[in-house]
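This report concerns only the one structure given below.
The values are calculated or read from the model by the stated rules, or taken from the named source; none is laboratory data. Values in this document were obtained by computation on a predicted structure and should not be read as measured data. Glycine gets a Cβ as well: all are built from the backbone with ideal geometry, and neighbour counts include every protein chain shown.
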Amino acid sequence: NRKFYFFPLRTRRANSFLEELRNGNLERECYEEKCSYEEAREIFPQAQQLVKPGLTDVFWFPAPNLCLSSPCQNGATCTRHLNTFTCKCAAGFHGSKCDKVRTTSTRCRYRNGGCEHFCRENPDRSRFCFCAPGYGLDQDNGTCLPKGQSGSPGFLPVGSVRFPTEPPLVNFAPRVVRGQACPKGHCPWQVSPTPAGFSCGAIILSDVWILTAAHCIWRKPSAILHIYVGKHDLERPEKTEQRQRVLNITIHPDYDPLTTDSDLALLKLHRPVKLGLHVIPICLPARNSTFAWTLYNVRQATVSGWGRLVEAGPIARYLQWLVLPRVPLQECRLHTQLNITKNMFCAGHRRGGQDACEGDSGGPLVAKYRKTWFLSGVVSWGKGCAKENMYGVYAKVTNFLDWIETVMATG
């Protein structure tokens, strides 16, 4: 009966009333709109018109689930995509189907073993990755992801900054000791000098522990020491700054005031500082791992502080930062003729011109590995500032990790 031929076989799900009164149109239904199964049926009322067995020009067909055949091997996870799949490999395997075994010849000293943070080797010559505090190991067993552990929305894990900018590589210019002003919040682990007896820089290790150079607080009672964190401008109060009193001082037992060897000291604060965007601890290298070697091979490092802008000149008002190349120990000894011990290393330019200076002592020299900043050295001493053949000398932090962690755990 022709009267029933035009009776609708299914109810349309209208986009708009007037639009759905019109006959189905391929261009309108599937080019101008999202081509869903419902839209396709408005063009082809009969389901048989959508799928024609045996023909290659099928208009609509269900995408096969290629994961049903278990293509991923060795315990890998299969993720379905349109007409394809991806495999997320378990530890020790790689390849598009995770069918290839990672050889144990990939040691930690080769590209850090593929680890984003720390790599450690087992007695059987295999290796495993682990992360700095505040991070967790991702399912790929190599990437470190922030845990997001803190109640404050501005929380960032150690060694990270919300602002990704890095200091520019400034071309050499005579008499330039300082670098450039570190934008506010870009050096959040920096501790500033104070009028109350502390004239050096320092580094935030946690909410209660500060690391600095031993010569900065040699023979100074903790009762007179205060520190500021979250500072940028030394000449005016800032909303981000926090002032805290030092509770006690622990100087490294091997510190020698004559040679400046083992030039490190830990300060424990009377009360914790509040961590946030402008106050973030720096990340320490891991003990008993090969990361010290990895960090050593990061040739460019960043020093920061409010030290003198030129030798015997005024101190900086705004926090400065500067990129410096690390110098091999033998080269430093050869050109400076100074007593550089195994607990020290040098950074700077042989031609001079850029350097840390008086007032920067105790401050950080940090190196960025992948996406995380790590503490490489502490500003210790130098002969003059930015002189030719006279590099800046830094305390080698990786030599003191056992002492630092022991004091922080028991102090």
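Note on segment 185-278: enclosed strands (runs of 3 or more DSSP E) holding 2 or more residues that are surrounded by fewer than 18 Cβ atoms within 10 Å (Cβ to Cβ) and of a type in the set (D, E, K, R) are 242-251. For segment 325-336, the criterion of being basic (Lys, Arg), buried (at least 21 other Cβ atoms within 10 Å of the Cβ) and in a strand (DSSP E or B) is met by at least one residue. For first residues located in segment 212-227 and at pLDDT below 85, partners that are aliphatic (A, V, I, L, M) and assigned to a loop (DSSP other than H, G, I, E, B) and lie 6+ apart or on another chain with Cβ distances below 8 Å form the pairs Ile224/Ala196.
The set of residues from segment 71-89 being in contact with a strand residue (DSSP E or B) (Cβ under 7 Å, 6 or more places away or on another chain) and farther than 17 Å from Gln139 by Cβ comprises just one member, Pro71. For segment 310-351, taking the residues that are in contact with a strand residue (DSSP E or B) (Cβ under 6 Å, 6 or more places away or on another chain) and among the hydroxyl-bearing types (Ser, Thr, Tyr), the one that is farthest from Pro193 (Cα to Cα) is identified as Thr341.
This table checks each residue for (1) modelled with pLDDT under 90; (2) surrounded by 18 or more Cβ atoms within 10 Å (Cβ to Cβ).
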site: Ala316; (1), (2): yes, yes
site: Lys342; (1), (2): no, no
site: Ala356; (1), (2): yes, yes
site: Ala367; (1), (2): no, yes
site: Ser376; (1), (2): no, yes
site: Gly382; (1), (2): yes, yes
site: Val397; (1), (2): no, yes
site: Ile404; (1), (2): no, yes
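Inspection of segment 274-285 finds no residue satisfying the criterion of being modelled with pLDDT under 90 and touching a Pro at 6+ places or on another chain (Cβ under 7 Å).
Of the set (1) out of contact with any Asp or Glu (no Cβ under 6 Å at 6 or more places or on another chain); (2) crowded, with 17+ Cβ neighbours inside 10 Å, all apply to Arg308 but (1).
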